[in-house]
1. Any residue in segment 9-29 that is closer than 17 Å to Gly161 by Cβ and among the hydrophobic types (A, V, I, L, M, F, W, C)?
2. Here are the criteria: (1) charged (D, E, K, R); (2) at pLDDT 95 or above; (3) closer than 24 Å to Ala52 by Cβ; (4) assigned to a loop (DSSP other than H, G, I, E, B). Tell me which single one Glu181 does not satisfy.
3. If you take the residues of segment 126-179 that are at positive phi and in contact with a Lys or Arg (Cβ under 8 Å, 6 or more places away or on another chain), which of them is surrounded by the most Cβ atoms within 10 Å (Cβ to Cβ)?
4. Could you check how many residues of segment 47-57 are surrounded by fewer than 22 Cβ atoms within 10 Å (Cβ to Cβ) and in a helix (DSSP H, G or I)?
5. I'd like to verify a number: residues in segment 63-81 that are surrounded by fewer than 23 Cβ atoms within 10 Å (Cβ to Cβ) and either within 25 Å of Pro117 (Cα to Cα) or under 13 Å from the mean Cα position of the chain (by Cα) (or both), how many?
6. Need the failing condition index for Asp29 against (1) of a type in the set (D, E, K, R); (2) over 30 Å from Leu126 (Cβ atoms); (3) open to solvent by less than 40 Å² (accessible area, probe 1.4 Å); (4) in contact (Cβ under 8 Å) with a residue 24 or more places away in the chain, just the number.
7. So which residues in segment 96-112 are under 17 Å from the mean Cα position of the chain (by Cα), open to solvent by 40 Å² or more (accessible area, probe 1.4 Å) and under 12 Å from Arg82 (Cβ atoms), if there are any at all?
Amino acid sequence: MGARRTRVREVRRRLAHEGPAWTRDREADFETVTVPERECDQLRDLLISEGAQTVVEIGLAYASSALAIGEALITVNPPHPRHIIIDPFQERDWSNVGWDLLCSAGLDSIASLMPTPSSIALPQLLAEGIRADAAFVDGSHRFHEVFVDLYFLRKIVRPGGLIVIDDDWAPSVRTAVRYYERNLGWTAIPDAFPGEAVTTAGAASPSEPRSRCKALRLPDPSFEPPFEEFHAF
């Protein structure tokens, strides 16, 4: 296990400090798109503390979060670790750069890539009876698509499991999440992603600490609320 973990960490380090071998032709695309190393470390540590054995991830791109999830699964070292990644654009838009990085880290032995939209892939996983301990959501940021992702993930992730949201700062993402918090008993884990104080131009002092990721715990047991108890979000 030690050698495998070292291999993953080395790929992660190179990616964070040197960038990927290929990027899209957009200014600072890697720096803008990828989950920063600090948040990836926090994601890894959270999944390790949970003893996660099966994780569903939506969105692969440059694979920074996928490598962190793989490191967590190797560290937990369950009998049958499983990392299911959904990304219909990995080949067309990303030239398979993320998947190639996972392979170079030796994580293709526990990871599988579903190259279909999450609105199709997630119902398929549900129909197959897949049960996950956690999910990481970094796919479409359109409200209706985030909402649908979370709808299916609450049926796939076990009661008491975790769903981690990237880019919680986006109003469309945050609004979708708020429905599940207010109506379905999802609770935020406040210390999962400790933020960093950010100083903006013209500010005299740093702002309140903030992070781009948010971790939520599903209720255990799960429940379906009466429609009369709807809470506006």
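The values are calculated or read from the model by the stated rules, or taken from the named source; none is laboratory data. Remember, predicted model here, so these are calculated numbers, not experimental data. FYI the Cβ positions are ideal-geometry reconstructions off the backbone, even for glycines, and counts take in every protein chain you see. Note: areas computed on protein heavy atoms with side chains; ligands, DNA, RNA excluded. Shrake-Rupley method; radii C 1.70, N 1.55, O 1.52, S 1.80 Å.
1. no
2. Here Glu181 clears every test but (4).
3. Asp167
4. Residues meeting the conditions: 3.
5. Qualifying residue count for the region: 1.
6. (4)
7. Ser112
Matching residues to (1) in contact with a Phe, Trp or Tyr (Cβ under 8 Å, 6 or more places away or on another chain); (2) among the hydrophobic types (A, V, I, L, M, F, W, C); (3) within 19 Å of Leu218 (Cβ to Cβ):
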site	(1), (2), (3)
Leu47	no, yes, yes
Gly51	no, no, yes
Pro88	no, no, no
Asn96	no, no, no
Met114	no, yes, no
